[in-house]
Amino acid sequence: MQPQYKRILLKLSGESLAGKEGHGIDFDTVMKICGPIKACSLMGVQIGIVVGGGNFWRGRSSGKMDRTRADHMGMLATAINALGVADALEQLGVQVRVQTAITMQQIAEPYIRNRAVRHLEKGRVVVFGCGTGNPFFSTDTAAALRAAEIDADVILKATMVDGVYDSDPKTNPNAKKYETLSFTEVLDKNLKVMDSTAASMCRDNHIPICVFSIEDPENIERAVCGEHIGTIVK
Ligand code: UDP
């Protein structure tokens, strides 16, 4: 298999790291995801990863809490995931650096765009934690932002569903899966593939997104090699 992209931004939702429990980190699951990431790295693909935090905490579902503080907690959750993913990759012998949008220098490098690009050029996987560093944003928006900054060819959005549907496939057995979509359609139809901030950022910066299921982690390699899996939004 030949990679189709030189530099990718992989978005891993927090949920994808949780395994069957549905919360926290399941290291067997993380290791299964990291195998194909290593394979892509060995193919010479430069890989940045933005991790979500929903397996620990989501600011928007925090009840009466002050939203900003709740989002701070969410960003810290993404930092925990970033460290977990980095450790799993290191266990597989992959060179990794973690950079966080909120400075925590004892734990990780601060996010510095040029330094991130340098790591990528050297073949190191860079895991980006703390989302954008700002409350009221999502890690999908962080993925769009980092992809634009590092000049990634594509965002690979690994999720728990195998693409984008016209309605929720879990509740509607007749839900139809889209093969391809435009960002304008995503925004107009209010499709739940990503929030509107992330979608408009990708549209404005011409960054395509491949949305696919991580239940089979080999899908990461398939997507990198240009196989049409899931839904392509461009
Ligand atoms: N978050 C934030 N700013 C960001 C990214 C994330 O405040 O730029 C917080 C927010 O509270 C969010 C949580 O971190 O709910 C976890 O991120 P997200 O919900 O995007 O994770 P995922 O659903 O991908 O696991």
Problem - Condition met for residue 148 (surrounded by 17 or more Cβ atoms within 10 Å (Cβ to Cβ), in a helix (DSSP H, G or I) and away from the ligand (no atom under 13 Å from the Cβ)) - result: yes
Problem - Single unsatisfied condition, residue 126 versus (1) under 22 Å from residue 5 (Cα atoms); (2) surrounded by fewer than 20 Cβ atoms within 10 Å (Cβ to Cβ); (3) among the aliphatic types (A, V, I, L, M) - result: (2)
Practice task
Among the residues of the stretch 45-65, write down those that are farther than 16 Å from residue 156 by Cα and more than 12 Å from the ligand (Cβ to nearest atom).
Solution key: 63, 64
Handout entry: Options 101, 79: the member that is among the small types (Gly, Ala, Ser), under 18 Å from the mean Cα position of the chain (by Cα), within 12 Å of the ligand (Cβ to nearest atom) and closer than 27 Å to residue 21 by Cα
Key = 79
Fill in the blank from the handout: Exactly one of 182, 200, 138 is closer than 30 Å to residue 67 by Cα and either surrounded by fewer than 19 Cβ atoms within 10 Å (Cβ to Cβ) or of a type in the set (Val, Ile, Thr) (or both), and that one is 200
Exercise for the section: Tell me, yes or no, whether the stretch 33-44 has at least one residue that is closer than 25 Å to residue 225 by Cβ and either without any contact (Cβ under 8 Å) to a residue 24 or more places away in the chain or within 16 Å of the ligand (Cβ to nearest atom) (or both). Expected result: yes
Exercise for the section: Sort out which residues of the stretch 1-25 are away from the ligand (no atom under 14 Å from the Cβ), closer than 22 Å to residue 161 by Cβ and among the charged types (D, E, K, R), and write them in order of number. Expected result: 20, 21
Practice task
List every residue pair whose Cβ atoms lie under 6 Å apart, where the two residues are 6 or more positions apart in sequence or sit on different chains, the first residue falls within the stretch 131-143 and is under 21 Å from residue 209 (Cβ atoms) and touching a residue at least 40 places away in the same chain (Cβ under 8 Å), and the second residue, located anywhere, is among the charged types (D, E, K, R) and in a loop (DSSP other than H, G, I, E, B).
Solution key: 138/195; 140/195
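Conditions (1) part of a helix (DSSP H, G or I); (2) within 25 Å of residue 29 (Cα to Cα); (3) of a type outside the set (Ser, Thr, Tyr), marked per residue:
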{"residue": "186", "(1), (2), (3)": "yes, no, yes"}
{"residue": "191", "(1), (2), (3)": "no, no, yes"}
{"residue": "199", "(1), (2), (3)": "yes, no, yes"}
{"residue": "204", "(1), (2), (3)": "yes, no, yes"}
{"residue": "207", "(1), (2), (3)": "no, no, yes"}
{"residue": "212", "(1), (2), (3)": "no, yes, yes"}
{"residue": "221", "(1), (2), (3)": "yes, yes, yes"}
{"residue": "227", "(1), (2), (3)": "no, yes, yes"}
Problem - Cβ pairs under 8 Å, 6+ apart, first in the stretch 184-197 and touching a residue at least 40 places away in the same chain (Cβ under 8 Å), second among the basic types (Lys, Arg) - result: 193/157; 194/157
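Every read-out reported here was derived from the displayed coordinates using simple, explicitly stated rules and does not represent laboratory data. Being a predicted model, the structure only gives us computed values, none of them experimental. Positions of Cβ are backbone-derived with ideal geometry, glycine not excepted, and every protein chain shown enters the neighbour counts.
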